[in-house]
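Everything on this sheet refers to the single structure shown next.
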Amino acid sequence: GAVVSQHPSRVICKSGTSVKIECRSLDFQATTMFWYRQFPKQSLMLMATSNEGSKATYEQGVEKDKFLINHASLTLSTLTVTSAHPEDSSFYICSGRGDPRGAQETQYFGPGTRLLVL
Amino acid sequence: GENVEQHPSTLSVQEGDSAVIKCTYSDSASNYFPWYKQELGKRPQLIIDIRSNVGEKKDQRIAVTLNKTAKHFSLHITETQPEDSAVYFCAASTGGGNKLTFGTGTQLKVEL
């Protein structure tokens, strides 16, 4: 149980374009979704916390106008990287929380999206 | 905010040996401590978690211990196998759906 999917798994785009990443909870309603960024051989850095129907809460140093997060339903959250630049290249991972079959605090992660900006 | 330190950054053990990874946290209000395993290029997967009202929890070859007074918790893997090779992350949270703060990760390599 507690499956989270992400799409796309990999994306290559040109500098200046925008990229949308979808995160879906497939078998539970995720009351909260989290977006992380992970550089090679580094830890997961939380970018923002998103509750369904509310504005996302961004971590310090994360530009909300650059990383647009929408959590329109209990099973879908999207992250849009606007005007992407090479330094935005990274592994983006989402997680969902709220599966009643597990602990309240448990986060279930998606498979990640590898973004490469040329 | 919360700060989680994790040691060692790399750990090599022989198959069948035990592996121990240690984490310390700074926020005394933290009460939920999960451990995740991440294989290269894949998602982190929860392997075990512990709450502050419990001192130890075990699941087959994996155990976690928590010392609230010292604010540290450890992951113990016994009878290690090659498939245990991965990066392990500890994390801490104040619970109630609050965000997780992750440690820096430990690259575990189990050698034949």
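One table, with the values for the structure above:
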item: Antiparallel bridges, percent of DSSP beta bridges restricted to chain B (to nearest 5); result: 90 percent
item: Relative pair counts by distance (%), Cα atoms of chain A, 5 Å bins; result: 2, 13, 23, 25, 20, 11, 4, 1, 0
item: Exposure proxy order (Cβ contacts within 10 Å, fewest to most) of B:I50, A:I12, A:I93; result: A:I12, B:I50, A:I93
item: Pairs of Lys in chain B closer than 22 Å at Cα, counting only those 8 or more apart or on different chains; result: 21
item: Whole-number percent relative contact order across chain A, with pairs defined as alpha carbons under 8 Å at least 6 apart; result: 36 percent
item: Shape call, the stretch B:1-108: gyration tensor on alpha carbons, a/c limit 1.5; result: prolate
item: Length-normalised contact order for chain B - Cα pairs under 8 Å, 6+ apart - percent; result: 37 percent
item: Residue exposure sequence - A:H7, B:H76 - by fewest surrounding Cβ within 10 Å; result: A:H7, B:H76
item: Cα gyration tensor shape of the stretch A:4-73, rounded if a/c is under 1.5, else prolate or oblate by comparing a/b with b/c; result: rounded
item: Chymotrypsin sites (Phe, Trp or Tyr not before Pro) restricted to DSSP loop in the stretch B:46-112 with at most 13 other C-beta within 10 Å; result: none
item: Cys residues of chain A counted as unpaired, since no other Cys beta-carbon is under 4.7 Å; result: A:C13
item: Residue among A:T57, A:H71, A:V81 farthest towards the positive dipole end of the stretch A:56-101, charges placed on Cβ; result: A:H71
item: Gap separating the Cα centres of the stretch B:31-74 and the stretch A:1-52, nearest whole Å; result: 23 Å
item: Selection of GluC sites (Glu not before Pro), the stretch A:16-75, meeting DSSP coil and at most 12 other Cβ within 10 Å; result: A:E63
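A short reminder: the numbers here are calculations on the coordinates, not readings from a lab. Quantities reported herein were computed from a predicted structural model and do not represent experimental measurements. Every residue, glycine as well, gets a Cβ built from its backbone with ideal geometry; the counts of neighbours run over all protein chains shown.
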